Amino acid sequence: MASARLVILTGAGISAESGLRTFRAADGLWEEHRVEDVATPEAFRRDPELVYRFYNERRRSLASVEPNAAHRALAQLEATWPGELLLVTQNVDDLHDRAGSRNLLHMHGELKKGRCLGCEAILVWETDMDRASRCPVCAQGRVRPHIVWFHEVPLDMDRIYDALERCDLFVAIGTSGHVYPAAGFVQAVPPRARTLELNLEPSLVASAFQEIRQGPATELVPAFVRDLLET
Ligand code: OAD
């Protein structure tokens with residue numbers, strides 16, 4: 001395994017122990033909202049104020065959370081691993097970034113970015129956003145959260161599939177397997193690749209993995225990284 005090519009996929013479960021709620025709570029609501037009211041292009045057209053407010057709250061909540069041992073272990077792995085490593089996250093929080101991961105793709109977007117509806121520039125955006133927010137690049141376009149909503153295409157898919165098709169080890173951490181295309185990544189790796197799921201409970205696609213380890217990410221991920229660096 002010493003110079004293997006790794007692809008690691010993370011979901012909301014890796015940030016749960018930092019204090020960010022996962023999506024699929026038993027009541028089917030996401031921070032007290034139905035997903036279709038806040039996370040679709042239709043919702044943004046219908047009630048932009050609600051959507052802006054929802055993401056403003058999510059963005060603000062990042063100030064009171066910190067990366068946990070699982071985020072830090074993945075950053076340490078990237079810093080020491082002699083082979084290729086691509087970290088793909090479905091999370092829109094910035095905890096991997098703050099832990100120090102750099103070879104990182106946010107396939108569902110980022111809370112701390114905005115996108116101009118006019119010139120389509122991607123903008124670093126750390127403060128609240130509303131209908132009056134304007135793009136600093138073209139100075140006139142309205143700005144939306146840089147979040148991939150339902151019915152929209154995730155980001156960087158070419159780079160992700162390119163890495164999946166060449167990888168030797170694919171690891172999925174803290175993701176429920178409800179949302180495609182990420183849930184199908186395990187099917188896109190070559191037959192020779194090792195596949196491993198680390199999750200609190202088996203995901204919907206757990207049977208597609210060669211190995212499953214169950215438990216909290218802050219225990220499983222540091223242990224996995226230690227094992228990998230020792231072999
Ligand atoms: P989910 O909320 O669907 O699933 C979270 C997973 O994390 C579950 O399988 C839990 O068992 C697991 N989990 C919870 N706590 C954990 C812990 N401490 N350690 C390890 N695992 C834990 O979140 P995602 O799979 O990330 O999309 O959801 C995928 C996408 O659905 C999100 O990116 C979001 C949402 O709609 C967009 O916003 C576009």
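The values are calculated or read from the model by the stated rules, or taken from the named source; none is laboratory data. Just so it is clear, the structure is predicted and the values come from calculations on it, not from any experiment. Methodologically, a virtual Cβ is constructed for each residue, glycine included, from the backbone with ideal geometry; neighbour enumeration extends over all protein chains shown. Keep in mind that these areas ignore ligands, DNA and RNA; they rest on the heavy atoms of the full protein, side chains included. Shrake-Rupley method; radii C 1.70, N 1.55, O 1.52, S 1.80 Å.
Computed quantities for the displayed model
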read-out: Derived scalar couplings ³J(HN,Hα) [region 200-216; Karplus, 6.51 cos²θ - 1.76 cosθ + 1.60; whole Hz; x for Gly, Pro]; value: 5, 9, x, 7, 5, 10, 4, 5, 7, 8, 6, 9, 10, 10, 10, x, x
read-out: Whole-number percent relative contact order across region 1-118, with pairs defined as alpha carbons under 8 Å at least 6 apart; value: 32 percent
read-out: Helix-only CD estimate at 222 nm, as mean residue ellipticity for the chain, using -39500 (n - 2.57) per DSSP H run (n ≥ 4); value: -8500 deg cm²/dmol
read-out: Loop GluC sites (Glu not before Pro), region 141-197, which have at most 15 other Cβ atoms in a 10 Å radius of their Cβ (DSSP); value: GLU152
read-out: Within region 6-71, GluC sites (Glu not before Pro) in DSSP loop having at most 10 other beta-carbon neighbours inside 10 Å; value: GLU32
read-out: Neighbour cut-off at most 16 other Cβ (10 Å), DSSP loop, trypsin sites (Lys or Arg not before Pro), region 170-231; value: ARG192
read-out: Region 100-231 - accessible surface per residue (Å², probe 1.4 Å); value: 51 Å²
read-out: Partnerless cysteines, meaning none of the other Cys C-beta atoms lie under 4.7 Å away, in the chain; value: CYS167
read-out: Largest to smallest accessible area among THR175, THR231, THR22 [probe 1.4 Å]; value: THR231, THR22, THR175
read-out: Semi-axes of the equivalent ellipsoid for region 57-107, Cα gyration tensor, largest first, Å; value: 22, 12, 6
read-out: Beta bridges per DSSP with both ends in the chain, % antiparallel, nearest 5; value: 30 percent
read-out: Portion, in percent, of the accessible area of the chain that falls on carbon or sulfur, probe 1.4 Å; value: 50 percent
read-out: Long-range tail of P(r) for the chain (Cα pairs > 21 Å, %); value: 56 percent
read-out: Cα-only Debye scattering, region 97-151: base-10 log of I(q)/I(0) at q = 0.20, 0.25 Å⁻¹; value: -0.73, -0.98
read-out: Residue-level accessible surface for ILE212, protein heavy atoms, 1.4 Å, Å²; value: 70 Å²
